[in-house]
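As structure tokens, the structure follows; a few thoughts come after it.
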Amino acid sequence: MKKLVLLACALSAGGAQANLLVNGSFEQGSGVYAGGAPVYDNLAGGSTVIAGWTTVGAGVEWFRPANFSVGPARDGFSVIDLADFTSTGSPRDGVEQTVATVAGERYRIDFSGVTSQSNGRTGTGTIELWLNDSLFSTHALTNYKSFWSMDDWQDFSVQFVADGPTTKIGFLSSQNALAHYANVDAFSVVADPLSAVPEPATWLMWLAGFGLVGSIARRRLDAAQPLR
Ligand SMILES: [Ca+2]
């Protein structure tokens, strides 16, 4: 049994995939946060202040929920609002980053979002996932509250198969920022191989199955032995 446990641990450790995104939690960057100022940073389109990311459209708001006595962030301290408050949502605002991929391989994108009805917003929000400048999927935020709390994050997971050596990934909003919040955090892109190594639980089921078959075979063999 000890060998089985060791095997399960080894498989579990080997199954962890690295996040291909740089700074997927929006914790690193320059600008006002470099000095630790307790304010949000309103970033226009084309900004590379958030490490690893480029803002598009009218940009985003980069902030720490704790500075507004709400939160916590889904991961770490900082999040972004894809619906920048200066934006009308046309054409789109948000952040983009290009990651290295292998054509034909599958990947999984995970991210989290939260919205609210505070400050005149409707309590709805939509996150658009764009791959190589094409809309791939849309995700509705439904976890609103009548006050701005940001304590009820909604988690999303999407799979895609890459069609080239790089994939540009965009998290965008096409909504009027004065009517919606689309606060997001904890983005990750990981390899999700189509021919994945089975999970440890699957291995253990297989091994248990082999043991059962072996046991039945032994019993049959015993039963077939002539009496001496
Ligand atoms: Ca974060």
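The values are calculated or read from the model by the stated rules, or taken from the named source; none is laboratory data. The structure displayed is predicted, hence computed values, not measured ones. FYI the Cβ positions are ideal-geometry reconstructions off the backbone, even for glycines, and counts take in every protein chain you see.
Against the definition (in a strand (DSSP E or B), under 15 Å from residue 112 (Cβ atoms) and assigned by TED's automatic domain parsing to the domain that holds residue 79), how does residue 155 come out, yes or no? When the stated conditions are applied, residue 155 passes them.
Has segment 83-106 got at least one residue that is in contact with a helix residue (DSSP H, G or I) (Cβ under 9 Å, 6 or more places away or on another chain), crowded, with 20+ Cβ neighbours inside 10 Å and either hydrophobic (A, V, I, L, M, F, W, C) or closer than 21 Å to residue 177 by Cβ (or both)?
no
Can you tell me which of 186, 177 is modelled with pLDDT of 90 or more and closer than 30 Å to residue 86 by Cα? Checking each option against the conditions leaves just 186. State whether one or more residues within segment 130-146 are buried (at least 19 other Cβ atoms within 10 Å of the Cβ), within 16 Å of the ligand (Cβ to nearest atom) and in a strand (DSSP E or B). Checked against the condition, which is being buried (at least 19 other Cβ atoms within 10 Å of the Cβ), within 16 Å of the ligand (Cβ to nearest atom) and in a strand (DSSP E or B), segment 130-146 yields no hits at all. Scanning segment 53-74 for any residue that is under 16 Å from residue 125 (Cα atoms), surrounded by fewer than 16 Cβ atoms within 10 Å (Cβ to Cβ) and not aliphatic (A, V, I, L, M) turns up nothing.
Of all residues in segment 92-102, which are closer than 17 Å to residue 134 by Cα, more than 16 Å from the ligand (Cβ to nearest atom) and either out of contact with any Ser or Thr (no Cβ under 7 Å at 6 or more places or on another chain) or assigned to a strand (DSSP E or B) (or both)?
Once the filter is applied, which keeps residues that are closer than 17 Å to residue 134 by Cα, more than 16 Å from the ligand (Cβ to nearest atom) and either out of contact with any Ser or Thr (no Cβ under 7 Å at 6 or more places or on another chain) or assigned to a strand (DSSP E or B) (or both), segment 92-102 yields 93, 96, 98, 99.
Take residue 24 and decide whether it is modelled with pLDDT of 95 or more, within 16 Å of the ligand (Cβ to nearest atom) and closer than 16 Å to residue 183 by Cβ. Spelling it out, residue 24 is indeed modelled with pLDDT of 95 or more, within 16 Å of the ligand (Cβ to nearest atom) and closer than 16 Å to residue 183 by Cβ.
Only residues that are in contact with a strand residue (DSSP E or B) (Cβ under 9 Å, 6 or more places away or on another chain) and over 14 Å from residue 177 (Cβ atoms) were counted in segment 37-55, giving 11.
Note on segment 41-88: among residues that are of a type in the set (A, V, I, L, M) and not in a loop (DSSP other than H, G, I, E, B), the one that is farthest from residue 173 (Cα to Cα) is 66. Among the residues examined, residue 73 does not qualify as assigned by TED's automatic domain parsing to the domain that holds residue 130, modelled with pLDDT under 90 and within 13 Å of the ligand (Cβ to nearest atom).
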